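Only one structure is covered here, and it is reproduced in the block below.
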Amino acid sequence: MWPLRLAWALAVLGVTAGPSPGPSPGPTAPPLDKASIFADLSAAELRAVRTFLMSRPELGLSPSRGGPLAKNSLFLVELLPPKKRLALRYLDQGGPRPRRQARAVVFFGGQAEPNVTEFTVGPLPRPSFYRPLGFKGGRAVPFAARPMTRLEYELLHRALAEAMEPLYRLLRDSTGFWYHNCSRRCLTFSDIAPRGLAPGERRSWLVLQRFVEGFFLHPVGLEVLVDHRDPDPRRWAVQRLWYNGQYFSSPQELAERYERGTLAVARLAEPPARQLFSSYEPRGRFATGTPTAVHGAKVCEPQGRRYRLRGNRLEYGGWSLAFRLRSSAGLQLFDLRFNGERLAYEVSVQEAIAFYGGHTPAAMQTKYMDAGWGMGSVTYELARGIDCPEAATYLDAHHLYDADGPVRFSGAICVFELPTGVPLRRHFDSDYQGGFNFYAGLEGQALVLRTTSTVYNYDYIWDFLLYPNGVMEAKVHATGFIHGTFYTPQGRRYGSRLHSHLLGNLHTHLVHYKVDLDIAGTGNSFETMDVRFENISNPWSPGARVLGDPGQGWEMGAPPAPAPTRVGLLPAPGDGPDPAPVPRRYHLAVTRHHENEPTSSSIYGQNDPWEPLVSFEGFLRNNETIEDQDLVAWVTVGFLHVPHAEDIPNTATPGNAVGFFLRPFNFFDEDPSVASRSPVIVRPLDAPTFSRLEIQRWTPASPGPCVAPGPFAYNGTYRQE
């Protein structure tokens, strides 16, 4: 689908918030240090929280790495943002600075009834208390709903290696690779979620693949269902296997069928040592012969940066905002302002979902909900000149997610000014006699705040773009490896055959955002604008009629919805079983702001989507008025991905991006980009000869040199500090 343009949001809410459509004088942009109430926890703060909790004997915490699953361990620490009312009192009214606190997630696996508990820990930087941080409705977090950990994967690997021993000959003969006691010719696996078919289950289908570069594209035709619910791995068991279109009850049954010669064996060709189809190594030639072995166009800042970055406060033109990169879900903007006027309290990524179809058990089970995979914590180093321009500002991130201390991710965030390649606005005023009266144009630029999430096979590129005319764009590109399964003729109904034994499975990407708009204050209303066509009498030619004049049918301010508003995306509740989180149902939902509804999803939804801890549908069913209230817009964008041969080796970004815009609508008296000093105006001084021109510009005549010399460098490590 095309990006959802939220043109009405900034516009209509701005109009209905007060008698004046223009920005009120209001408070100016807050001092820079105030943005720090939204800043991510520093490495020192993360360590302080961990040290404090580990020292509490009543919690009985053990290190996350090593040891058994049946233990109490600290899984996640991140900033707990202040309550909105406290933050606004501090930002706007000179109130006290909110206490800085952390959110801590603890797995209590070492007790008779295991569970997951979240805690508020504070005050920072020297914590002295902790208390439970409950969910709406007071529900507890089932232990089976917890995200996977590195320890559980290690134990799952050992269990699978033992279970695959009877299949050594089959795997060696058919693939040239095997699972147990391997060195260079190893198999690996990708795991599928949800992990089961009902609450409380923890049964994962594992897709076996040859461990070569781009192993996601190398399934070998074997999928294994492992029950790993019990905290004791000795009680884990293989429940089913699927091999080349057939189901088996145990590895022994499959091995016996192979030994008897009654098994339909899928024999895979030896992978080449060079130019493997799943690699990035160049192969082939372009027909035109134009050069590709030289550098292409680059983004540069020939006269320095035009934005200001201080801590987590970002300023550009009329824009100012605070930002953070939360480990649980990703980028989050706070206190978004233009010329000192707050437009939104929060704009943030909530969830990324991918639903698959397929013939194999793993494919038909796959419904990925990436907040459950640490979507905000897998923010690896951005490559200069590729992921972001060389001239960008690069910022490190620290995460304490399934680790025994803060892990530094170098260059995980970048900020840069981007030439859009199209004018922000321009006009050539022709004299219709071969000349012109004037030309005027303003070059197009935007400031980009970017990070990426590599959630196993997929890479998401997250952008927030700020334009000089008061427009903000949220955008996500999908790239990386497709989630493919083993090709069988029956699978053709669910995707495309991309290689000899590879099926690219049909799937839908959906991304959910929270947009907490505060236009001229927190008292806003939601309205729509409809355009209808009318036949009217022509006032200047009696008897004639004007057909379909849209101006005569413009209706502004449809009656405000008396209750939370939803714009449909997928079938409404009650249309059959649906284990997926509810936000996917709606392009747009508007609700009242509540402090106990900070997010639309959670890290537990992936492994318990049937009884989610965060029920977005509950946000909508409380029958509250949304007229002159503090409102939140929940936006869903997405696209259907039908994999094709050109997705090899990776899905490309063109055509695989979605997002939305916040655009002013009668909020300003004129385009606010008139404050820019970058336009160029050209006027003839001696028409009609046009031999002398007046060129007006407010920037230097020449931009000067562009890219500073220097070789490409990359580190790519992320290590505990």
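Computed values, structure above
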| item | result |
| --- | --- |
| Residue pairs meeting the criteria (Cβ under 8 Å; at least 6 apart or on separate chains; first farther than 20 Å from P251 by Cβ, in the stretch 139-165; second small (G, A, S) and part of a helix (DSSP H, G or I)) | P147/G372 |
| Cβ pairs under 9 Å, 6+ apart, first in the stretch 527-544 and in a loop (DSSP other than H, G, I, E, B), second open to solvent by less than 50 Å² (accessible area, probe 1.4 Å) and modelled with pLDDT of 85 or more | none |
| Selected residue [free of Cβ contacts under 8 Å to residues at least 12 places away in the same chain, of a type in the set (D, E) and assigned to a strand (DSSP E or B)] from D429, D463, D459 | D429 |
| Selected residue (only one of A273, A297, A269 is at pLDDT 95 or above, loosely packed, with under 13 Cβ neighbours inside 10 Å and outside the structural domain of H501 (by the TED database)) | A269 |
| Single residue of A391, A383 found to be over 28 Å from R146 (Cβ atoms), at pLDDT below 95 and of a type outside the set (S, T, N, Q) | A391 |
| Residue within the stretch 126-137 that is assigned by the TED database to the domain that holds P81, at pLDDT below 95 and among the polar types (S, T, N, Q) present | no |
| Within the stretch 81-127, tally of residues that are under 21 Å from L59 (Cα atoms) and in contact with a Gly (Cβ under 8 Å, 6 or more places away or on another chain) | 4 |
| Number of positions in the stretch 36-86 that are part of a helix (DSSP H, G or I) and either without any contact (Cβ under 8 Å) to a residue 60 or more places away in the chain or surrounded by fewer than 21 Cβ atoms within 10 Å (Cβ to Cβ) (or both) | 12 |
| Cβ pairs under 6 Å, 6+ apart, first in the stretch 622-641 and assigned by the TED database to the domain that holds R85 and open to solvent by 50 Å² or more (accessible area, probe 1.4 Å), second small (G, A, S) and part of a strand (DSSP E or B) | none |
| Residue identified as open to solvent by 30 Å² or more (accessible area, probe 1.4 Å), hydroxyl-bearing (S, T, Y), assigned to a helix (DSSP H, G or I) and under 28 Å from D404 (Cα atoms) among Y153, Y168 | Y153 |
| Residue ID - least open to solvent (accessible area, probe 1.4 Å), chosen from residues in the stretch 276-293 that are of a type in the set (F, W, Y) and under 14 Å from L217 (Cβ atoms) | F277 |
| Flag for F464 being aromatic (F, W, Y) and in contact with a helix residue (DSSP H, G or I) (Cβ under 7 Å, 6 or more places away or on another chain) | no |
| Sole residue being open to solvent by less than 30 Å² (accessible area, probe 1.4 Å) and among the β-branched types (V, I, T), chosen from V238, V224, V212 | V224 |
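The values are calculated or read from the model by the stated rules, or taken from the named source; none is laboratory data. Everything numeric here is computed off the predicted structure, so don't read it as measured data. All Cβ positions, even for glycine, are placed from backbone atoms using ideal geometry, and neighbour counts span all protein chains on display. These area figures cover heavy atoms from the full protein model, side chains too; ligands, DNA and RNA do not enter into them. Shrake-Rupley method; radii C 1.70, N 1.55, O 1.52, S 1.80 Å.
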